[in-house]
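What follows is one structure encoded as structure tokens, with my remarks underneath.
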Amino acid sequence: MSAEGEGRAGVNENCPPEGKRVRIGKRKRSAAGIPAATSSLKHGLSRMGVTRTWKTLTMVNQKDGFDCPGCAWPDPVGKRSAFEFCENGAKAVADEATKKRIKPRFFADNSVQELSSRSDHWLNSRGRLTSPMYLPGGASHYQPITWEKAFELVAKRLQKLDDANRAIFYTSGRTSNEAAFLLQLFARMFGTNNLPDCSNMCHESSGVSLGETIGTGKGTVSLEDFNHAELILVMGQNPGTNHPRMLTALRDAKRNGAKIVHINPLPETGLVKFKHPQDYLKLRFGKDKLADKFLQLKINSDAALMQGIMKMMLEMDAEKSFIDHQFIADKTAGFDALKAHLESRSLDDVVVQTGLALEDIREVAVMCAQSRATIVCWAMGLTQHRNAVATIQDIVNLLLLGGHFGRKGAGACPVRGHSNVQGDRTMGICEQPSEDFLTRLGKAVGFDAPRAHGHDVVNTIHAMADGECEVFFCMGGNFLSAAPDTELTAKSLRKVALTVQVSTKLNRSHLVTGEEALILPCLGRTEKDLQTGGYQFVTVEDSMSVVHMSRGGLKPASLDLLSEPAIISRLANATLGGKVVDWPHLSADYDRIRSLIEQVIPGFEDYNERVRNPDGFVLPNPPRDEQAFATPSGKAHFSVHDLPDTSIGEDRYVMMTIRSHDQYNTTIYGLDDRYRGVKGGRRVVLMNPEDMEDRGIIKRQKVAIRSHFEGEIRSADDFAVIPYSIPRGNVATYFPEANVLIPSRSVAEKSNTPTSKWVVVSILT
Ligand code: SF4
């Protein structure tokens with residue numbers, strides 16, 4: 001599959017490496033603590049200086065402040081700590097509020113080709129974009145362009161299209177509710193449902209599996225529930241790096257008597273021990289042990305584990321009633337089929353597939369059986385597999401067996417990795433909108449919304465590859481680096497006539513572009529947003545369906561920036577005119593956008609009034625609120641799934657891509673993965689020491705990786721091997737470096753999510 005963009009053999013120009021000789025240190029046994037505080041300060045002071053560091057870190061996640069541009073972990077209701085952020089939140093803030101600026105001169109001095117040879121870390125560290133830039137067809141350098149000219153240019157390209165579906169509008173999860181609602185309205189009034197978003201690559205599998213079984217695609221727990229849980233299973237998730245404030249909730253749950261089980265192929269430090277840096281201020285020096293049990297299972301054997309545990313629970317139920325039969329009788333359907341399936345399930349298969357000892361599985365099965373209040377948390381380790389939807393439905397089965405919905409301290413908790421990814425979906429950023437949503441939207445605005453479903457992320461790549469996309473508009477994000485199959489995605493992007501990136505920082509998607517390209521720099525979360533209607537706030541929705549305000553407090557990085565809502569409304573006005581929607585009127589005062597949202601989306605009644613409540617408001621969630629399930633039958637559904645075939649053939653390994661502790665999605669803050677002891681480089685492959693010995697591979701030895709998919713081979717070279725605690729036959733690499741190995745046609749059934757956690761590879765020495 002090597003083609004354009006292939007630099008030195010195997011080293012991808014779409015992801016040039018950085019860093020010298022990788023250093024291997026000890027894996028950390030405790031998360032956060034003083035190292036997290038110093039790292040937060042270091043990132044803050046080196047990028048923002050003293051005053052801005054103090055100002056931003058005392059505003060982030062505060063009731064009158066701005067929402068952290070990091071993950072979607074909720075804020076405490078009621079009293080909040082003066083420093084309501086984690087190390088990676090501080091890095092995300094410092095990354096956006098950096099004092100460094102990219103002026104137009106920078107692009108005059110650096111051609112796209114020259115910039116392409118730079119690493120993602122280097123590109124991101126150049127600072128904030130300050131002015132709109134345009135790359136004409138065939139040009140080597142970006143050049144300045146006025147906003148008017150930029151909107152005119154895009155509008156002309158859109159108006160020229162003979163089919164609105166030749167335009168695609170991508171959204172990254174940092175986009176606010178107001179901007180997301182305007183974008184979907186613009187795209188649909190333009191005539192398309194081509195609204196892919198980053199959720200297609202992450203929790204889409206969660207949305208599909210929960211929607212089918214409990215009638216809502218969202219989690220069913222609140223932050224408060226953690227204080228009442230008896231058992232918390234953390235599956236395929238690394239909260240210490242990706243949702244660090246969750247460790248505080250786990251610590252508090254533990255102090256309230258909960259048991260915690262860590263289920264992951266990797267022994268993630270965050271679940272071992274945790275030290276809240278602010279405890280030192282209270283002269284508390286001890287560390288909190290979090291996980292009571294660690295199940296280091298093989299990649300993609302979570303379904304086998306769930307079925308093994310449920311089988312044991314049914315056996316134990318025969319002696320003493322552990323299963324909630326009343327709840328099952330009243331609220332569910334399909335129990336008998338599941339029971340029969342589990343009775344036929346061989347525990348030997350479970351042991352073989354998981355690689356776990358039977359007694360360890362039984363120990364957790366007893367915990368599950370005895371718990372009256374169980375929460376299951378999960379993330380990408382479950383959602384990015386071919387059978388992801390089925391695996392998550394086995395988690396729902398386990399929760400239904402115990403009646404763990406609509407009960408304090410219990411429920412399903414898919415933890416979102418992007419601050420407003422859930423909000424964007426609620427606002428209608430979705431390629432398969434419901435008829436009800438389109439009807440409400442059409443009625444409220446006065447137009448007939450298109451009904452044909454659009455492209456999600458994977459289908460967007462294929463539409464571009466087939467030359468079916470002429471305008472690709474991205475609201476934030478770094479599509480090229482986030483997407484699978486980097487070579488194909490790069491080639492496909494280059495086939496697009498015009499690519500438009502709304503961004504705060506420079507990234508690879510500004511360098512791998514369509515024939516023409518635009519960079520439209522926008523305001524960040526940390527910045528004041530002044531519109532003709534006065535200073536504005538935006539709103540976001542966290543993982544637990546809490547909608548709240550976010551109001552920036554810093555002077556914008558440049559006077560030439562526009563807010564996300566202003567960019568969309570000006571583009572929509574230039575493209576569609578103002579006959580049906582008075583776009584400038586809407587973006588002049590975001591209360592007007594919220595009033596429109598109120599008319600279209602259930603649960604947003606009195607939006608403007610309720611969102612001004614310092615803690616915001618919680619959206620309705622029938623399973624959580626009243627043990628009600630909005631499925632066609634009105635019941636929650638047990639589901640029966642065979643176990644996946646996890647056999648991979650000789651000399652093959654299963655590779656999963658992971659994040660380091662010094663990155664947030666595709667944004668690389670630094671080259672160290674402190675918790676895993678990997679320093680100074682990212683082109684590494686974590687491998688089981690016995691597997692290395694069998695192959696005669698020594699640590700730091702450079703190897704090439706080849707992925708194998710339906711006869712196709714993808715390649716990536718120059719990876720240093722790191723001996724690491726990971727099950728035999730499994731290996732791990734960082735993304736985006738390894739995304740070139742992920743076939744875009746290897747996707748989860750039903751959700752079409754790329755299988756970034758299951759890539760069959762060989763390792764060449
Ligand atoms: S846990 Fe997530 S939302 Fe909270 S401060 Fe950290 S990165 Fe930001």
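The values are calculated or read from the model by the stated rules, or taken from the named source; none is laboratory data. Quantities reported herein were computed from a predicted structural model and do not represent experimental measurements. With ideal geometry, Cβ positions are generated from the backbone for all residues, glycine too; neighbour counts draw on all protein chains shown. SASA here: full protein model, heavy atoms, side chains in, ligands and nucleic acids out. Shrake-Rupley method; radii C 1.70, N 1.55, O 1.52, S 1.80 Å.
General remarks:
- Across the range 695-709, coupling constants 3J(HN,Hα) worked out from phi with the 6.51/-1.76/1.60 Karplus curve, θ = phi - 60°, read 9, x, 9, 9, 5, 6, 5, 7, 10, 10, 10, 10, 9, 10, 8 Hz, and Gly and Pro carry x.
- Dipole of the chain [Lys/Arg +1, Asp/Glu -1 at C-beta], most positive-end residue of 469, 519, 663: 663
- The residue list 599, 102, 39 was ranked by how far each Cα lies along the charge dipole of the chain toward its positive end, using unit charges on Cβ atoms, and 39 comes out on top.
- The charge dipole of the range 420-483, taken about the Cα centre with unit charges on the Cβ atoms of Lys, Arg (+1) and Asp, Glu (-1), comes to about 280 debye, rounded to the nearest 20.
- Cα gyration tensor category, rounded, prolate or oblate, for the range 58-205 with a/c compared to 1.5: oblate
- A simple charge model with +1 on the Cβ of Lys and Arg, -1 on the Cβ of Asp and Glu and nothing else charged puts the dipole of the range 204-415 at about 940 debye relative to its Cα centre.
- Taking N as its residue count, the alpha carbon Rg of the range 31-96 over 2.2 N^0.38 Å: 1.04
- Counting charges near residue 545 (Lys, Arg +1; Asp, Glu -1) among other residues having Cβ under 14 Å from its Cβ returns a value of -3.
- Which listed pairs, of 273/331; 63/103; 91/679; 259/298, have C-alpha distances above 27 Å, in listed order: 273/331; 63/103
- For residue 260, the residues whose modelled amide H falls within less than 5 Å of its own, excluding neighbours fewer than 5 places apart on the same chain, are 232, 292, 293.
- Compared with the direct C-alpha span, the chain from residue 630 to residue 712 gains 25.3 nm at full extension, assuming 0.36 nm per residue.
- Neighbour net charge for residue 509 - beta-carbon separation under 13 angstrom, K R +1, D E -1: +2
- From phi via Karplus (6.51, -1.76, 1.60), per-residue ³J(HN,Hα) for the range 209-218 in Hz, x at Gly/Pro: 5, 5, x, 5, 9, 10, x, 9, x, 10
- Residue 531 long-range amide H proximity, modeled H, under 5 Å: 536
- Percentage relative contact order, the range 559-664, counting C-alpha pairs under 8 Å, at least six apart: 10
- Only helices enter the 222 nm calculation for the chain: every DSSP H run of n ≥ 4 contributes -39,500 (n - 2.57), and dividing by all residues gives -10000 deg cm²/dmol, rounded to 500.
- Added length on full extension, which subtracts the Cα-Cα distance from 0.36 nm per residue, residue 640 to residue 103: 187.6 nm
- Apportionment of accessible area to carbon and sulfur, the chain, percent (1.4 Å): 52
- Spacing of the two label points (7 Å from each Cα toward its C-beta) at residue 592 and residue 451, in nm: 3.2
- The range 31-96, dipole about Cα centre (Lys/Arg Cβ +1, Asp/Glu Cβ -1), debye to the nearest 20: 200
- Relative contact order of the chain, pairs being alpha-carbon contacts under 8 Å that are 6 or more residues apart, as %: 22
- For the chain: rounded, prolate or oblate by the Cα gyration tensor [a/c cutoff 1.5]: rounded
- Net length gained if the chain between residue 38 and residue 408 were fully extended (0.36 nm per residue, minus Cα distance): 129.5 nm
- In loop segments of the range 336-425 as defined by DSSP, the trypsin sites (Lys or Arg not before Pro) with at most 14 further C-beta atoms inside 10 Å of their C-beta are 408.
- Of the beta bridges in the chain, as assigned by DSSP with both residues counted there, near 45 percent are antiparallel.
- Distance between the 7 Å Cα→Cβ label points at residue 330 and residue 363: 3.6 nm.
- Accessible surface for the chain, divided over its residues, is 35 Å² per residue with a 1.4 Å probe.
- Across the range 593-747, the mean sequence separation of Cα contacts (distance under 8 Å, 6 or more residues apart), normalised by length, yields a relative contact order of 20 percent.
- Considering only the range 204-415, percent of DSSP beta bridges that pair antiparallel, nearest 5: 10
- Three-way shape call for the range 227-269 based on the alpha-carbon gyration tensor, with the a/c threshold at 1.5: oblate
- Neighbours of residue 581 by Cβ distance under 13 Å: Lys/Arg scored +1, Asp/Glu scored -1, total +3.
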